[in-house]
Amino acid sequence: MKKQALFMVFFFLLSSISDARFVVSKSTKVRNHKRQKLKLFVFGDSYADTGNWPKSYGGAWGKPYGITFPGTPSGRFSDGRVLTDYIAAILGTKSPITYRGWKSGEKKSMKYGMNFAYGGTGIFNTFVNQPNMTTQIDYFQHLVQQTHQDLHINSSTIALLSVAGNDYATYFTSNHTLKELPGLTKSIINQLVLNAKRIHELGVEKVVITTLQPLGCLPQFTSSESYQNCSNNANSIAKFHNQLLMESVKKLNNESDNHNTSPFVILDVYQAFLSALNLSAGGSKLLRPCCQGVTKEYLCGNVEKDTGIMKYNVCGNVSDSFFWDMIHPSQQGWHTVSSNLRSSLLQLL
């Protein structure tokens with residue numbers, strides 16, 4: 001049971017504020033002509049997934065997920081909006097339709113792009129039977145080749161690649177050791193670079209890649225310290241990953257045909273998380289999740305099958321919480337993180 005619970009927590013990896021606070025200020029009018037044509041294509045995990053996971057799974061499609069926005073479960077791994085929603089808003093567009101929604105015939109166009117991200121997935125295969133990033137890009141390539149006129153890929157097209165750590169979760173729940181970790185990290189970064197190049201070659205002007213968040217600050221790791229301190233060991237994994245990523249992306253841009261522009265961009269989620277948590281100023285209270293199981297064997301959203309009794313608790317005011325569950329930020333958390341990323345995102349326009 002303990003191993004299963006650990007895996008389920010890592011599975012959610014990945015991968016309340018008013019509507020008025022969510023809307024990007026109208027005073028920010030940066031290259032509006034480009035914003036009007038902007039399309040956002042999203043690949044990755046639960047930090048970016050806005051509803052691709054099958055509804056039959058439950059999880060993010062079950063209560064209490066979605067209680068802040070839209071008020072009912074929407075397949076987002078939070079109480080409300082996630083990273084994709086905020087990035088789209090900052091860029092002056094709308095959150096794109098999910099691939100699952102498009103396939104199922106939802107009456108929404110590809111006007112704003114498409115979201116291919118699936119919670120629980122990684123660069124490589126994980127424990128969840130859902131498409132890894134390579135397969136997600138296969139879906140995108142098929143659309144480009146079959147529906148190119150509908151997609152209208154142009155100089156205003158941006159791709160977001162979200163990497164939140166599911167490859168590492170799979171690695172450690174498969175009885176691997178820290179000694180072998182550097183080899184895994186190099187494999188992840190090498191494949192991530194190939195993925196980014198492939199997307200760019202399909203016509204996407206800018207490819208944005210997230211750094212790994214500070215893993216050691218996730219409630220799953222801070223719970224053993226009564227949610228008071230981040231795990232330095234877990235954060236060191238993220239730092240090493242991010243260092244290799246930055247070096248590889250710099251090299252990739254140097255090899256680009258156009259040296260005047262950088263088609264590949266790093267989005268520093270790691271630093272955005274740390275700034276949002278503000279631990280040096282007493283932000284440790286933000287390390288405690290709003291929604292958690294009544295014991296370590298249960299997770300947010302778990303319900304006893306026979307009795308229907310809820311095996312989780314939700315905090316009184318989710319807007320005071322940075323983390324929603326043991327892995328994912330709340331809508332308020334993502335709002336703060338995206339605010340820290342705002343200036344970097346506006347440079348894409």
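The values are calculated or read from the model by the stated rules, or taken from the named source; none is laboratory data. Remember, it's a predicted structure, so these values are computed and weren't measured experimentally. A quick note on method: Cβ atoms are made from the backbone with ideal geometry, for glycine too, and the neighbour counts reach across all protein chains shown. When the accessible area is computed, the model is the full protein with side chains, heavy atoms only, and any ligands, DNA or RNA have been set aside. Shrake-Rupley method; radii C 1.70, N 1.55, O 1.52, S 1.80 Å.
Please compute one quarter of the surface area of the Cα convex hull for segment 178-336 and express it in square nanometres.
12.6 nm²
Given that compact globular proteins tend to follow 2.2 N^0.38 Å, what is the ratio of the alpha-carbon Rg of segment 242-284 to that value?
Dividing the Cα Rg of segment 242-284 by 2.2 N^0.38 Å gives 1.63.
Toward the positive end of the charge dipole of segment 97-246, about the Cα centre and with charges on Cβ (Lys, Arg +1; Asp, Glu -1), which of GLN220, PRO131, ASN242 goes farthest?
Of the candidates, PRO131 comes out farthest on the positive side.
Can you give me the relative contact order of segment 44-200 as a percent, contacts being Cα pairs under 8 Å and 6 or more apart?
22 percent
How large is log10 I(q)/I(0) at q = 0.07 Å⁻¹ when the Debye formula is applied to the Cα atoms of the chain, each weighted equally and without solvent?
Each listed q corresponds, in turn, to -0.27.
Work out how far the C-alpha atoms of segment 86-199 reach from end to end along every principal axis, then list the three figures in whole Å, largest first.
That works out to 48, 29, 29 Å along the principal axes.
Roughly how many debye, to the nearest 20, is the charge dipole of the chain about its Cα centre, given +1 on each Lys and Arg Cβ, -1 on each Asp and Glu Cβ, and no other charges?
720 debye
How much length is gained on full extension from GLU201 to GLN243, taking 0.36 nm per residue of separation minus their Cα-Cα distance?
Result: 12.6 nm gained on full extension.
DSSP loop (so not H, G, I, E, B), at most 10 other Cβ within 10 Å: list which trypsin sites (Lys or Arg not before Pro) in segment 263-322 pass both filters.
In loop regions of segment 263-322 (DSSP not H, G, I, E or B), the sparsely surrounded trypsin sites (Lys or Arg not before Pro) are LYS305.
Would you mind computing, in nm to one decimal, how far apart the modelled labels at GLN347 and HIS142 are, each placed 7 Å from Cα along Cα→Cβ?
Placing both labels 7 Å along Cα→Cβ, they lie 3.7 nm apart.
What distance in nm separates the simple spin-label points at ASN125 and PHE172, each placed 7 Å from Cα in the Cβ direction?
The modelled label-to-label distance comes out at 2.3 nm.
With the contact rule set at Cα under 8 Å and sequence spacing of 6 or more, what percent relative contact order holds for segment 170-277?
Relative contact order of segment 170-277: 33 percent.
Apply the Kirkwood formula to segment 139-192: the hydrodynamic radius equals the inverse of the mean of 1/r over all pairs of different alpha-carbon atoms; give it in Å with one decimal.
Value: 14.2 Å, from the Cα pair sum.
What's the magnitude of the charge dipole for segment 154-252 around its Cα centre, counting Lys and Arg as +1 and Asp and Glu as -1 at the beta-carbon? Answer in Debye, nearest 20.
260 debye
Exceeding 20 Å between C-alpha atoms, which entries from my cross-link table qualify? They are LYS39/LYS103; LYS37/LYS108; LYS179/LYS239; LYS186/LYS250; LYS103/LYS206.
As for pairs spanning more than 20 Å Cα to Cα, those are LYS103/LYS206.
Taking segment 29-119, which trypsin sites (Lys or Arg not before Pro) meet the DSSP loop condition and have no more than 16 other C-beta atoms within 10 Å?
LYS29, ARG31, LYS94, LYS107, LYS108, LYS111
Please compute, over every Cα-Cα pair in segment 65-118, the percentage with a separation greater than 13 angstrom.
That fraction is 61 percent.
Any idea of the accessible area per residue across segment 234-311, 1.4 Å probe, to the nearest Å²?
Solvent-accessible surface per residue comes out at 57 Å².
How long is the gain from GLN271 to LYS250 if the chain were fully straight, where each residue apart is worth 0.36 nm and the alpha carbon distance is subtracted?
Contour length minus Cα-Cα distance gives 5.7 nm.
Largest first and in whole Å, give the semi-axes of segment 249-349's equivalent ellipsoid, each being the square root of 5 times a Cα gyration tensor eigenvalue.
38, 17, 11
Per the 1.4 Å probe, what fraction of the accessible area of the chain, in percent, lies on carbon and sulfur atoms?
Within the chain, the accessible surface is 49 percent carbon and sulfur.
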